[in-house]
């Protein structure tokens, strides 16, 4: 699968949903690691994933190609 095909898929509602769920899982995993250890880079990665989650769900809600 080429990067162009992945980009076309990502710009559809199902793509935004799928990428958002993956970012949610990654964000929760990094937050789960960061809570007991307190490492700043794990917190940073979890916030970056949650920011991407908000972007993907926002784009899914506001409008995307079906």
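Please treat every number below as a calculation from the coordinates, not as lab data. Treat the numbers as computed from the prediction; the structure is a model and nothing was measured. A quick note on method: Cβ atoms are made from the backbone with ideal geometry, for glycine too, and the neighbour counts reach across all protein chains shown.
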What order, most packed first, do the peptides 37-48, 3-14, 22-33 have when packing is the mean number of other Cβ atoms within 10 Å of each residue? 22-33, 37-48, 3-14
Compute the long axis of helix 40-62 from its Cα atoms, compare it with the longest principal axis of the Cα atoms of the chain, and write down the angle in degrees, 0 to 90, nearest 10. 30 degrees
Only one of the values (i) 1.09; (ii) 1.19; (iii) 1.06 was calculated from this structure for Rg/Rh (Cα atoms, Kirkwood Rh); name its label. (i)
